[in-house]
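Student: Okay, here's the structure, questions in a sec.
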Amino acid sequence: MGSCLSAESRSPHSPSAATGVRKRKSSKKRYGSQSSFDYRREDHLHRIPGRLFFNGASEIASLFTQQGKKGTNQDAMIVWENFGSRNDTIFCGVFDGHGPYGHMVAKRVRDSLPLKLSLQWEMNTKNEEVLREISLNSSSMNSEDVSFASADEESRASIDLEGTEKHPEIFQTMKESLLKAFRVMDRELRVHTTIDCFCSGTTAVTLVKQGQLLVIGNVGDSRAVLGTRDEDNSLIAVQLTVDLKPNLPAEAERIRKCRGRVFALQDEPEVARVWLPNSNSPGLAMARAFGDFCLKDFGLISVPDISFRRLNDKDEFIVVATDGIWDVLSNREVIDIVASSPTHSTAARSLVETAVRAWKTKYPTSKIDDCAVVCLFLNRSRNKMPSDFNAKGKDQPISAYQVGGDAKEKEDSPANLKTVKDILSDGSTEDQLSAEDEPLIDPEIEWSALEGVTRVNTLLNLPRFVPREVDKKAPVETKTRK
């Protein structure tokens, strides 16, 4: 939702040790500009078939975003059919930026993260094939030799035996790919030359659908909800992600262990925020995000919460949206609106327009937030949704799913993976990052989010660093702005 509270901005002075923030190197970077390489890169991306990121619709999806009343639209969205040159695979996501350069961060993640994920997925798939070939070739060896030949494979499987038994092979491969892609994406933002991500960042809810399998990676407080049928054939809402807020016990514990502070202001006691150890800023109202490097040493992470679901013929559509939607509409209301849309192509727009009206009704004195929606339709045999349904709400944020079923995917001309690799060759790989850019939080740790979520604002104060001046009192009369 909203980003910054108060008109305070960062001081040109470097932070002192008292502020608890690492001193930043002086730089003459001109933030907000775009290099010619970025223009060529974007032009190349826009030519990839099946990749949608503007308002519109395809046979399987509807997209719509609208600027709020807080300034530049900081939301971004994407649907990529035939993702990774796989005919039965779809990638989609929404990204909600915050901070002075939040709009640039959101668009950068929208453009770069899918490329990194595609590359990591390809690499991990090849590694799995090599391990499988080694295992097959070693079948003629004696048992002692086999144990040595497959030791690496066995150790890999022992990481999560229960998860391997429950989930198909693609889940483990995609999970590793998502973790690596998110990590590399955040490191790229840290060293980006034209986007200042020190006090700017973005959420990300991404999903990859291959056939009937669905894998979701979530950072921040945007949300994905499934519209499906229950045993009575009533349409219900199933929340697929958890809003990763600082008030979640596991998230708050991690932040405090890293010397970050979690508390709410007196005039909004329901809104838990993340603060620097010795400064009442920035007041970020989420526990995970891309960017926001002022907090990355104090518990904020970009490690995604990853979940899996096997789709079935009762699952009808998935709505992925930023908090401009969820702040004013419940999960049940959202699926009701999408299901009652006259056509698939108008579903996302109808949802955004309804949310805007709800903002005016519920919060008449507040500025309307940016909204971005992706509606992914799972059953393409019907062009319209039935309007005489019985909708029931079922908001259940959980982290894994096991439901049998089937789903049909569209087969179009695939995007050229070689083109994707060419676009990705920007030199910002993990090996080229210096040791000082390593996060203090182990990115391999799977932080599990919990239930109990509230919709809140995003960021409050931009850190104002004044040497030897530490204010330990929380501000109580600060007003919200984007």
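The values are calculated or read from the model by the stated rules, or taken from the named source; none is laboratory data. The shown structure was predicted, so the numbers you read here are calculated from the model rather than taken from an experiment. Glycine gets a Cβ as well: all are built from the backbone with ideal geometry, and neighbour counts include every protein chain shown.
Student: Sort through Ala285, Ala289 and tell me the only one that's modelled with pLDDT of 95 or more and more than 17 Å from Lys257 (Cα to Cα).
Tutor: Ala289
Student: Hey, among Val205, Val184, which residue is of a type in the set (A, V, I, L, M), modelled with pLDDT of 95 or more and out of contact with any helix residue (DSSP H, G or I) (no Cβ under 9 Å at 6 or more places or on another chain)?
Tutor: Just one listed residue meets the conditions, Val205.
Student: From Phe308, Phe293, which residue is part of a loop (DSSP other than H, G, I, E, B), in contact (Cβ under 8 Å) with a residue 60 or more places away in the chain and within 18 Å of the chain's Cα centre (by Cα)?
Tutor: Of Phe308, Phe293, the one residue that is part of a loop (DSSP other than H, G, I, E, B), in contact (Cβ under 8 Å) with a residue 60 or more places away in the chain and within 18 Å of the chain's Cα centre (by Cα) is Phe293.
Student: Kindly indicate whether Cys199 is farther than 25 Å from Cys92 by Cβ, crowded, with 23+ Cβ neighbours inside 10 Å and not β-branched (Val, Ile, Thr).
Tutor: Considered against the rule, which asks whether it is farther than 25 Å from Cys92 by Cβ, crowded, with 23+ Cβ neighbours inside 10 Å and not β-branched (Val, Ile, Thr), Cys199 comes out as yes.
Student: Shifting gears a bit: Residues in the stretch 280-288: is at least one under 30 Å from Leu213 (Cα atoms) and outside any strand (DSSP E or B)?
Tutor: Yes, there is a match, as at least one residue in the stretch 280-288 is under 30 Å from Leu213 (Cα atoms) and outside any strand (DSSP E or B).
Student: Could you list all residues from the stretch 61-85 that are assigned to a loop (DSSP other than H, G, I, E, B), surrounded by 22 or more Cβ atoms within 10 Å (Cβ to Cβ) and out of contact with any helix residue (DSSP H, G or I) (no Cβ under 7 Å at 6 or more places or on another chain)?
Tutor: Passing the criteria: only Asn82.
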